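What follows is one structure encoded as structure tokens, with my remarks underneath.
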Amino acid sequence: MATRRGFLAGLAALSLPVPSWADAGSPEYLAAGKIGDDFVLHGLDGSGATLFTLPLPARGHAAAAHPTRPLAVAFARRPGVFALVLDCRTGEIAHRLTPPEGRQFNGHGAFSEDGSLLMTSEVVAEGSAGRVGLWETAGFTRIGEWDSHGLGPHELRRLPGGRIVVANGGIETDPTDRTLLNLDTMRPNLALFSAEGALLDLAELPEELRQNSIRHLALTATGVAFAMQWQGDPAEPVPLLGLWTPGAAPVLCPAAEAEMFTLQGYAGSIACAGGRVALTSPRGGAVMIFSETGAPLATHRRADLCGVAPLGTAFIATDGAGGLWRATPEALEPLSRADVAWDNHLVPVGLTA
Amino acid sequence: MTIRIRLAVLACFLAAGGALALGAGPARADYPEAVRQTLLPGYADFRAATADLAAKAAETCDPAALAAPFNAAWDAWLEVQWLRLGPAEDQGRALAIAFWPDPKGMGAKAQKALIGADPALLAPEAFAQQSVAARGFFSLERLLYPATPLAADTCPLIRATADDLARMAAAIETDWTGSYADVMLTAGAPGNATFLTESEVRQALFTQIATGLEFIKDQRIGRPLGTFDKPRPELAEARASGRSLRNVLVSLQALRAMTETLSPNAPQTLAAFDHAIQLAQALDDPDFSGIADPSGWLKLQILQQAVDATRQKALSELARDLGVDLGFNAADGD
């Protein structure tokens, strides 16, 4: 039976329809890329087909998808001086985000569960001290920031329930040219925050792995899986995957012995699906799949593979030659191919993003 | 009509590798020629050379008698080592064949447990399960050119290591002739899930050439070169067998041959290769111990610069001719 309140709410919705992702064709993924000399943001369906192509003014890194509204925040590559809020129905730039004076975007962002807050990974340009920038999403104005409790934060993720994990890569970069400045002293960490920004936990790597920059994150059943990039001697085999359940020490997950150098010390993206973890390496030209406890299950080779996201209980991955792939422990199978050089990340759209 | 059919027949003929029949006209160069004229013969040579080595080791474990087949087998490996894709990458074979650089000494540690070990561990199936660090040319080198005399009888391990090399070489060649050559040659055909277009094969081979040159520059030369104030000759590759310079030279020659077979239009790249090869041939410092001396160090650095110049030339000229690049993400990650 319709209540008066429900009737009024319905009326309000009719008079002012709230746009949703359905209005942009219900994309399941966002991916930045390059077509010829032009940079673009694509919306893709689950088969890898393009639903929309929006122009970007420069090479993008990752995007953040609003949980309900058809808005994508495209972050410039590091050191980023802008981020664009794109209306994915029209491609128009709804808002342009500029970090405060002396801050730089660092490639990633995440929305709160209700979409009312955007959190961006940032650094203080001089010294690379990490910040989590806070933006309200009605008009995308800056409303505050937290200390990320580390240098060079890269990806940040919202856990179910609203807590936030930040991958502090540990690297101090030159504010103008990305030169690495602190390889001898770097110390990456994983920082866990409450939804209000209180530091709840901080995890570091063992001393001998402190040159393993923690950069990308994916949600597991109990915490996060994290992907690393080794800044030490490339001839030393090191784990590039870790699993962290807050409250416990991180668990590091080496590749199978025969594949210990396959990823070439560089994991570019990470995703969790179906109780497994996928780790990509464009330098190694491979995707490696692990069990949820970190046991290596399979390695599939494909040049310049980088973006990866869940595809049901399998994975979908993108490469720099335009390929979209379905990855399982058994196989890497082509889904589709476009004349787009897919960039680093493939971002799922929806509440789990 | 007739002409068109003839052209079609000719195209098929060319695609089947009949370029030799065309006496006139420029030599054809592309990836099918690279597969047929360079890669398949290279893996066949490696198989034959490791079989010779294993056969000789079955006769004798005398290092002097094994030196020639050992060096011939390693030379044969260098012809194809740069190609880090396909069957050589399966099951960690390339790592097991040549585990270097090895800054933590994993190879010596893993091998130590096998010297004088239970013969059952040295049986082919069991030995193939040993660590990739414990096998291959560097393990054999430690046995044939020990820094200090080895107490135990190393003959069983020499034989097992040589047999293992021959087994891996045979498996790689079988996989190439049995399937992987076709995977490359049918690039872009429906059902080929490895190479979606012909261009992807050119891109893959180009990337391997660039990576191979980088390996020579940064690892084979860069590790021992260190800095002018602190040269590290003890870090040279294959120092015990005196092959450090030879490995540079033969791998440069192999990459040059691949470049020439892949593209007819890269004269500057080939000239840069020739310059680097001439410098390597003129260098009289087989194990790089001469770099402890400033003039020796500078000579190796000049060679390193020539290798880098070759890579730069390949990245511009060869890439342009092949219509490829290093890869959008691989070249510039984040």
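Using Cα atoms only, what is the angle between the long axis of helix B:267-282 and the major principal axis of chain B, expressed in degrees (0 to 90) to the nearest 10?
With rounding to tens, the tilt is 20 degrees.
Return B:F228, A:F261, B:F137 ranked ascending by Cβ neighbour count within 10 Å, so the fewest neighbours appear first.
The most exposed by this proxy come first: B:F228, A:F261, B:F137.
Treating the angle as unsigned and between 0 and 90°, give the value, to the nearest 10°, between the Cα long axis of helix A:4-15 and the longest Cα principal axis of chain A.
Here the helix axis deviates by roughly 80 degrees.
Mind checking which of A:L156, A:G284, A:T299 is farthest towards the positive end of chain A's charge dipole, using Cβ charges of +1 (Lys, Arg) and -1 (Asp, Glu) about the Cα centre?
A:L156
Quick one, can you get me the convex hull of the C-alpha atoms of the protein assembly as shown expressed as volume per residue in Å³?
Per-residue hull volume (Cα only) is 197 Å³.
What whole number of Å gives the distance from the Cα centroid of region A:84-99 to the Cα centroid of region B:170-213?
Computed from Cα coordinates, the inter-centre distance equals 42 Å.
I need B:Y180, B:Y145 ordered by Cβ neighbour count within 10 Å, fewest first.
B:Y145, B:Y180
Take chain A, connect every pair of alpha-carbon atoms lying under 10 Å apart with a spring to form a Gaussian network, then pick out the residue of A:E208, A:E92, A:E126 with the largest mean-square fluctuation.
Between A:E208, A:E92, A:E126, it is A:E208 that shows the largest mean-square fluctuation.
Stretch B:T186-B:A147 to full length: gain in nm at 0.36 nm per residue minus the Cα-Cα span?
That works out to 9.2 nm of additional length.
Using amide H atoms built in the peptide plane, which far-off residues or other-chain residues are under 5 Å from A:L117 H to H?
A:S112
In debye, nearest 20, what is the charge dipole magnitude of region B:28-185 about its Cα centre with +1 on Lys and Arg Cβ and -1 on Asp and Glu Cβ, if you could check?
Using Cβ point charges on Lys, Arg, Asp and Glu, region B:28-185 gives about 400 debye.
Mind checking the dipole of chain A: about its Cα centre, +1 per Lys or Arg Cβ, -1 per Asp or Glu Cβ, Debye to the nearest 20? Walk me through the numbers before you get to the answer.
On the way: 25 positive and 36 negative charges, 169 e Å.
The calculated dipole for chain A is roughly 820 debye.
Taking the Cβ of A:C88 as the centre, find all other residues whose Cβ is under 15 Å away and add up their charges (Lys, Arg: +1; Asp, Glu: -1).
With Lys, Arg at +1 and Asp, Glu at -1, the net is -3.
How crowded by other chains is A:300-307, given as the mean number of beta carbons from other chains within 10 Å of each beta carbon?
Per-residue shielding by partner chains comes out at 5.
What order do you get for B:247-259, A:113-125 when each peptide is scored by the mean count of other beta carbon atoms within 10 Å, highest first?
Result, highest mean Cβ count within 10 Å first: B:247-259, A:113-125.
Going by how many other beta carbons lie within 10 Å of each one, how would you line up A:I143, A:I164, B:I291, fewest first? Mind showing how you got there, number by number?
On the way: A:I143 10, A:I164 22, B:I291 25.
Result, fewest neighbours first: A:I143, A:I164, B:I291.
Each residue of region A:153-165 in order: what ³J(HN,Hα) in whole Hz does its phi give by Karplus 6.51 cos²θ - 1.76 cosθ + 1.60, θ = phi - 60°, with x for Gly and Pro?
Residue by residue, region A:153-165 yields x, 10, 8, 10, 9, 8, 7, x, x, x, 5, 10, 10 Hz.
Once the Cα gyration tensor of region B:280-334 is diagonalised, what are the square roots of 5 times its eigenvalues, in whole Å and ordered largest first, as equivalent ellipsoid semi-axes?
Those come to 32, 14, 8 Å.
Could you tell me which of A:P19, B:Q130, B:A88 has its Cα farthest along the dipole of the protein assembly as shown towards the positive end, charges placed at Cβ (Lys, Arg +1; Asp, Glu -1), taken about the Cα centre?
Of the candidates, A:P19 comes out farthest on the positive side.
Extending each Cα 7 Å along its Cβ direction at B:Q305 and B:D274, get the distance between those two points in nm, one decimal.
So the two model labels end up 2.1 nm from each other.
What is the distance in Å between the Cα centroid of region B:261-309 and that of region A:253-320?
Rounded to whole Å, the Cα centres lie 37 Å apart.
Starting at the first residue of region A:229-237, write each ³J(HN,Hα) from the Karplus equation 6.51 cos²θ - 1.76 cosθ + 1.60 with θ = phi - 60°, in whole Hz, x for Gly and Pro.
10, 7, 9, x, 4, x, 7, 8, x
Between A:A256 and A:E330, with labels modelled 7 Å along Cα→Cβ, what's the label distance in nm to one decimal, could you check?
Result: 1.7 nm between the two label points.
Reported to two decimal places, what Rg/Rh ratio describes region B:35-99 when computed on Cα atoms with Rh from the Kirkwood expression?
Over the Cα atoms of region B:35-99, Rg/Rh equals 1.01.
Amide H to amide H, which residues 5 or more places from A:E172 or on other chains are under 5 Å from it, using H placed in the peptide plane?
The answer is A:L181, A:N182.
Among the lysines, select those whose C-alpha is under 27 Å from the C-alpha of B:K299, and discard any that sit fewer than 8 residues away in the same chain.
The reachable lysines, counting only those whose Cα sits under 27 Å from B:K299, are B:K217, B:K230, B:K313.
With +1 assigned to the C-beta of every Lys and Arg and -1 to the C-beta of every Asp and Glu, and no other charges, what is the dipole magnitude of region B:198-322 about the Cα centre in debye, to the nearest 20?
140
If you plug each phi of region B:95-109 into the Karplus form 6.51 cos²θ - 1.76 cosθ + 1.60 with θ = phi - 60°, what whole-Hz ³J(HN,Hα) values come out, in order, with x for Gly and Pro?
Working through the residues one at a time gives 5, 5, 6, 9, 8, 7, x, 9, x, 9, x, 5, x, 4, 5 Hz.
In what sequence, highest mean first, do A:38-50, B:76-88 appear when ranked by Cβ atoms within 10 angstrom? Walk me through the numbers on the way to the answer.
Working: A:38-50: 18.8, B:76-88: 22.9.
Ranking the peptides A:38-50, B:76-88 by packing returns B:76-88, A:38-50.
FYI, it's all coordinate maths here, none of it is from the lab. What you see is a predicted model, and the numbers here were worked out from it, not measured in a lab. Cβ coordinates were reconstructed from backbone atoms using ideal geometry, including for glycine residues, and neighbour counts include every protein chain displayed.
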